[in-house]
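The values are calculated or read from the model by the stated rules, or taken from the named source; none is laboratory data. Since the model is a prediction, treat every value here as computed from it, not as a measurement. A quick note on method: Cβ atoms are made from the backbone with ideal geometry, for glycine too, and the neighbour counts reach across all protein chains shown.
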Amino acid sequence: MKILDIAEIVRQTGLPPSTLRYYEELGLIEPVGRHGLRRQYEPDTLMQLALISLGKAAGYSLEEIAGMFGGNGEPALSRPDLHARADRLEQQIRELTALKNAIRHVAECPAPSHMQCPTFQRLIRLAAKRQARQGARRA
């Protein structure tokens, strides 16, 4: 089995060595040894790093991602949790699409000022409500 030097992992993934060391601290990846001062990794580390990237893109924290790997480094994913995450992403997509459409309308609105645009005023009210909800959740 071919062992990959940290420089090769960096080259193939584009991640800086500091990120790899941080992932190691969190238990997300594990080197198999060292060659001098350089960490050495199994080729499966590339798959683990791709899964970490995918998890981050889906909105998972690194701590949540760490809990998704079994003892052997293979993903151990809960299907109900994945369905719930997909539902949250779907809701986020709907909200972002509505926001994009509102912004596009405001950009093209013939009103002399953005503040005179009813859609822009509605957008501001919605943003204020969202901010109030987020503040209430934090409290």
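Restricted to the range 46-139, the set of helices (runs of 4 or more DSSP H) holding at least 1 residues that are within 30 Å of Gly14 (Cβ to Cβ) and of a type in the set (Asp, Glu) comprises 62-66, 79-108. Assuming Gly27 fulfils every condition listed in (1) at pLDDT below 90; (2) under 30 Å from Gln121 (Cα atoms) apart from one, which condition is it? That leaves (2) as the condition not met.
Applying a threshold of 6 Å to beta carbon distances and a minimum spacing of six or more residues, or different chains, the list of pairs starting in the range 37-48 at a residue that is surrounded by 13 or more Cβ atoms within 10 Å (Cβ to Cβ) and ending at one that is part of a loop (DSSP other than H, G, I, E, B) and among the aliphatic types (A, V, I, L, M) reads Gln40/Ile3; Gln40/Val32; Glu42/Val32; Thr45/Ile29; Gln48/Ile29.
Within the bounds of the range 6-17, is there any residue that is loosely packed, with under 14 Cβ neighbours inside 10 Å and over 21 Å from the mean Cα position of the chain (by Cα)? Looking through the range 6-17, at least one residue is loosely packed, with under 14 Cβ neighbours inside 10 Å and over 21 Å from the mean Cα position of the chain (by Cα). Of all residues being part of a loop (DSSP other than H, G, I, E, B) and charged (D, E, K, R) in the range 28-45, which is farthest from the chain's Cα centre (by Cα)? Just the residue, please. If we take residues in the range 28-45 being part of a loop (DSSP other than H, G, I, E, B) and charged (D, E, K, R), then Glu42 is farthest from the chain's Cα centre (by Cα).
Taking the condition within 30 Å of Arg125 (Cα to Cα) and either loosely packed, with under 13 Cβ neighbours inside 10 Å or not hydroxyl-bearing (Ser, Thr, Tyr) (or both), does Ala66 pass? So Ala66 fails the test. For the structure I just gave you, tell me whether Ser61 is within 30 Å of Ala127 (Cβ to Cβ), surrounded by fewer than 14 Cβ atoms within 10 Å (Cβ to Cβ), modelled with pLDDT of 90 or more and not assigned by TED's automatic domain parsing to the domain that holds Ile124. For Ser61, the condition - within 30 Å of Ala127 (Cβ to Cβ), surrounded by fewer than 14 Cβ atoms within 10 Å (Cβ to Cβ), modelled with pLDDT of 90 or more and not assigned by TED's automatic domain parsing to the domain that holds Ile124 - is met.
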